[in-house]
1. Let me have the relative contact order for the range 216-329, percent, based on Cα pairs under 8 Å that are six or more residues apart.
2. Using the structure shown, list the pairs from Lys194/Lys261; Lys194/Lys216; Lys121/Lys141; Lys59/Lys98; Lys121/Lys216; Lys261/Lys335 with a Cα-Cα distance above 28 Å, or answer none.
3. Normalised by the residues of the chain, what does the relative contact order come to in percent, with Cα pairs under 8 Å and at least six apart?
4. Sort Tyr327, Tyr82 by Cβ crowding within 10 Å, fewest neighbours at the top.
5. Once R0 is set to 51 Å, what does the formula 1/(1 + (r/R0)^6) return for the Cβ-Cβ distance between Lys216 and Ser145, expressed as a FRET efficiency to the nearest 0.05?
6. If you stretched the chain out fully between Glu92 and Glu163, how much longer would it get, using 0.36 nm times the residue separation minus the C-alpha to C-alpha distance?
7. Explain nothing, just the number: relative contact order of the range 27-99, from Cα pairs under 8 Å at least 6 residues apart, as a whole percent.
8. If we count every other residue with Cβ under 12 angstrom of Leu231's Cβ, Lys/Arg +1 and Asp/Glu -1, where does the sum land?
Amino acid sequence: MRKKTFLYILFACLACLLVAGYVLRQQFYGNAVRAERELFVSSRACYGELTDSLLPELKHRWAFGVYAKRINLPETFKPGHYELKPGMSVIEVARMLKLGLQTPVRVTINNVRIPAQLAQKLARQIDADSTAIMHALTSSKVAQSVGFDSLTLFSMFIPNTYEFYWTVTPEELVQRMKREYDNFWTPERDALRKRSGLSRLEVMTLASIVYEETRKTDEMPRIAGVYVNRLRKGIPLQADPTVKYAMQDFGLRRILYRHLKYPSPYNTYVNKGLPPSPICMPGINAIDAVLNFEQHDYIFFCARPTFDGYHNFARTLREHNANARAYSAELNRRKIK
C-alpha cells in the first residue's frame, strides 16, 4: 500500500514538473507577441523607455525580463526600427534588439523647395533630428565628400521612395543619395544631356524651374524647349518662379513689376542664364522633360486665362504681349493681387 502511495506521489510530482517545465518553456519559447506592431527605438532612448514601449506588446513579460538580464540587454540593446510579429518568442525579441536586426523604413522625398524643408521631411521619417540633417545638407565637408559644394548639394537629391535603416546618420544618408544620383544618370540620360549642351547641375536647375512653372507632364518638354531657346539666344529666362525663390515668398500669387527688380543671383529677370542652383527639388518627369526638350521656335509662354494649368506659347513679343494682357485681365476679373 505504501509502495503504491509512493508511486502515486512520484508520478504526481513528475507530472507537476512536466507541466511546470512546459509552462516555463512556453514563457521563453512560445508566442509572446500580442499583435503585429512596429517598434521604434531611438538612439537617444534609455532602456526604461524601450521597455515602456515594448512590454505592453508582450505576453510573457517576466520571461523577457529574465532573459534580457541574462544577455545584458539593458546595456547592449541597439536602436532601430523593429517589427514585432505574432509567433515570436521573448528570446527572439530580445536577441533581435541585442543584435540590431532592424527592418528598413521607406523614406519618401519629393515636393521640396529648400534644404530646410528637406531636413524637416527627413526628420519625420528617420531617427535624426532636423538640425543634424540640416547641418549635413549645408556642410562643405560633407558636400565635398560626394563631389559637390554646400550650395549645389541639394541638386543631388532625386525625388523618390527609398529604403533606409531608421537609424541612418545624415552623413550616411548623403552618401547613399550620391549612389542613387549616380544610378539615375544612366548612359542614356547622359547622352540626352549632352544633346542639350547642359551640365548635370544645369539640367537639375532648369528642371526645377520647369517643375515650378507647371505640373502638366505633357507640357513640360515644350516649356523646357522655350528655356533652352532663350539660353541659346542669350535671352534672360525671365522665369517668374525664380523671383518667388529669390524673395523666399512662395505664396506670391501675382508677380508685379516691382518684384522683377529684386536683387538676387536667383532672379532671372536681372541675371542672364540659369540660377546658381535648383529652386526646388524637381520631379523626375521634369528632369526627363529637360533631357527630352521639345525643339521648336517659341521664345515666350504665358498661363492661359482659362486657369486650366496650361500655357499659351508665342514666337514674337507682340503675340506674347497679347497673351499676357488676356491673362492679366482675367487676374483682375478674379481680383487676384
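1. That works out to 30 percent.
2. Numbers: Lys194/Lys261 33 Å; Lys194/Lys216 25 Å; Lys121/Lys141 23 Å; Lys59/Lys98 20 Å; Lys121/Lys216 24 Å; Lys261/Lys335 24 Å.
Lys194/Lys261, as the Cα separations exceed 28 Å there.
3. Values: 504 pairs, mean separation 46.9, N = 337.
RCO, the chain: 14 percent.
4. Working: Tyr327 18, Tyr82 21.
Going from sparsest to densest Cβ surroundings: Tyr327, Tyr82.
5. Details: r = 38 Å, r/R0 = 0.74.
Once rounded, the FRET efficiency stands at 0.85.
6. Values: separation 71, 0.36 × 71 = 25.56 nm, distance 2.39 nm.
Length gained between Glu92 and Glu163: 23.2 nm.
7. Working: 108 pairs, mean separation 38.4, N = 73.
Result for the range 27-99 is 53 percent.
8. Values: positive: Arg230, Arg232, Lys233, Lys272; negative: Glu202.
Around Leu231, the surrounding residues sum to +3.
Every number here is computed from the coordinates shown, using simple stated rules; none is lab data. Remember, it's a predicted structure, so these values are computed and weren't measured experimentally. Neighbour counts are summed over all protein chains in view; Cβ atoms, including those assigned to glycine, are modelled from backbone coordinates with ideal geometry.
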